[in-house]
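Here's the structure we're looking at; comments come further down.
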Amino acid sequence: MPSNEKKLRLAVIGAGSWAQSAHLPTLKEFGDIEFVGVCRKGVDALARVKENFGFSIASENYQDVLTSDVNLVVVSSPSSMHHEHVKAALDIGATILCEKPVTIDPKQAWDLVERSKQAEREVVVAFGWNFSKIVTDFKIALQNANLGKVEHLSIYMSSSTRELLSNSGSYPDAHPDALPEQATWTEKQTRTRGQRCL
């Protein structure tokens with residue numbers, strides 16, 4: 001990183017299963033990002049995430065991690081809480097990586113579009129499947145197949161979420177420290193009203 005650029009200072013709101021297995025290890029690989037604050041539900045799990053990734057601040061209250069001069073925020077909390085969390089991160093002038101879906105309510109998503117324009121900050125939606133090896137390899141194979149102009153392509157993907165969505169288990173092979181809280185997906189009260197960062 002050139003010396004005249006401001007170092008990226010990261011806060012994470014919602015350091016659950018996906019953040020711990022995908023976002024945090026990937027960001028750690030960059031080596032030039034300071035892991036400042038992390039928020040998640042559960043004191044013991046929070047302490048492990050703080051130690052495993054080297055965060056300076058750990059709290060169950062997302063507002064605690066947005067006060068430390070952070071300029072990059074990962075929002076990986078339950079979808080029903082994304083609007084509140086992204087809005088708060090924009091309010092401090094951060095650039096945001098938000099897990100999909102951005103919001104449940106389209107009006108809230110459009111509100112975030114307007115807020116990001118006003119703040120002159122980017123809100124990027126995490127959707128990396130189009131950059132995965134299987135997709136990039138397929139693109140190369142398709143280009144080398146001399147099929148002519150491809151006008152339409154359908155790709156079907158599946159995910160091992162039956163247990164999670166039925167409240168009967170979690171992702172296969174999920175690390176015990178990163179198990180998602182099933183109520184996030186299965187209990188209406190949790191899906192529609194956020195209270196902490198989860």
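The values are calculated or read from the model by the stated rules, or taken from the named source; none is laboratory data. Every value quoted in this text rests on a predicted model; they were computed, and no experiment measured them. In this analysis, Cβ positions are derived from the backbone assuming ideal geometry, glycine residues included, and neighbour counts consider all displayed protein chains.
Details
- Each residue in segment 19-32 was checked for being touching a strand residue (DSSP E or B) at 6+ places or on another chain (Cβ under 8 Å) and buried (at least 18 other Cβ atoms within 10 Å of the Cβ), and 4 pass.
- Cβ-Cβ distances below 6 Å connect the following pairs, each with a first residue in segment 65-78 that is touching a residue at least 40 places away in the same chain (Cβ under 8 Å) and over 18 Å from GLY54 (Cβ atoms), a second residue that is among the small types (Gly, Ala, Ser) and outside any strand (DSSP E or B), and a separation of six or more residues or different chains: LEU66/ALA88; SER77/GLY14.
- Answer from SER116, SER21 - the residue that is closer than 19 Å to PHE127 by Cβ, in contact with a helix residue (DSSP H, G or I) (Cβ under 9 Å, 6 or more places away or on another chain) and either at pLDDT below 90 or part of a loop (DSSP other than H, G, I, E, B) (or both): SER21
- Being touching a His at 6+ places or on another chain (Cβ under 8 Å) and either under 21 Å from LYS7 (Cβ atoms) or aliphatic (A, V, I, L, M) (or both) holds for only one residue in VAL43, VAL86, VAL102, VAL49, and it is VAL102.
- Pairing residues of segment 25-46 that are without any contact (Cβ under 8 Å) to a residue 40 or more places away in the chain with residues that are surrounded by 11 or more Cβ atoms within 10 Å (Cβ to Cβ) and among the hydroxyl-bearing types (Ser, Thr, Tyr), at Cβ distances under 6 Å and at least 6 apart in sequence or on separate chains, gives VAL36/SER56; VAL36/SER68; GLY37/SER68.
- Taken over segment 90-105, the criterion of being within 13 Å of VAL74 (Cα to Cα) and more than 13 Å from the chain's Cα centre (by Cα) is satisfied by LEU90, ALA94.
- Residue in segment 58-76 that is polar (S, T, N, Q), surrounded by 20 or more Cβ atoms within 10 Å (Cβ to Cβ) and within 22 Å of GLY128 (Cβ to Cβ) present: yes
- Filter result for VAL150 (without any contact (Cβ under 8 Å) to a residue 24 or more places away in the chain, part of a loop (DSSP other than H, G, I, E, B), out of contact with any Asp or Glu (no Cβ under 9 Å at 6 or more places or on another chain) and among the β-branched types (Val, Ile, Thr)): yes
- Cβ pairs under 6 Å, 6+ apart, first in segment 101-122 and under 14 Å from SER80 (Cα atoms), second assigned to a loop (DSSP other than H, G, I, E, B): ALA109/VAL102; ALA109/THR103
- Within segment 21-44, being under 21 Å from ALA88 (Cα atoms) and of a type outside the set (A, V, I, L, M, F, W, C) holds for HIS23, GLU34, GLY37, ARG40, LYS41.
- Among the numbered conditions (1) at pLDDT below 95; (2) out of contact with any Asp or Glu (no Cβ under 9 Å at 6 or more places or on another chain); (3) of a type outside the set (Gly, Ala, Ser); (4) surrounded by 15 or more Cβ atoms within 10 Å (Cβ to Cβ), the only one that PHE53 does not meet is (1).
- The one condition in (1) modelled with pLDDT of 85 or more; (2) in a loop (DSSP other than H, G, I, E, B); (3) not charged (D, E, K, R) that VAL125 fails to fulfil: (2)
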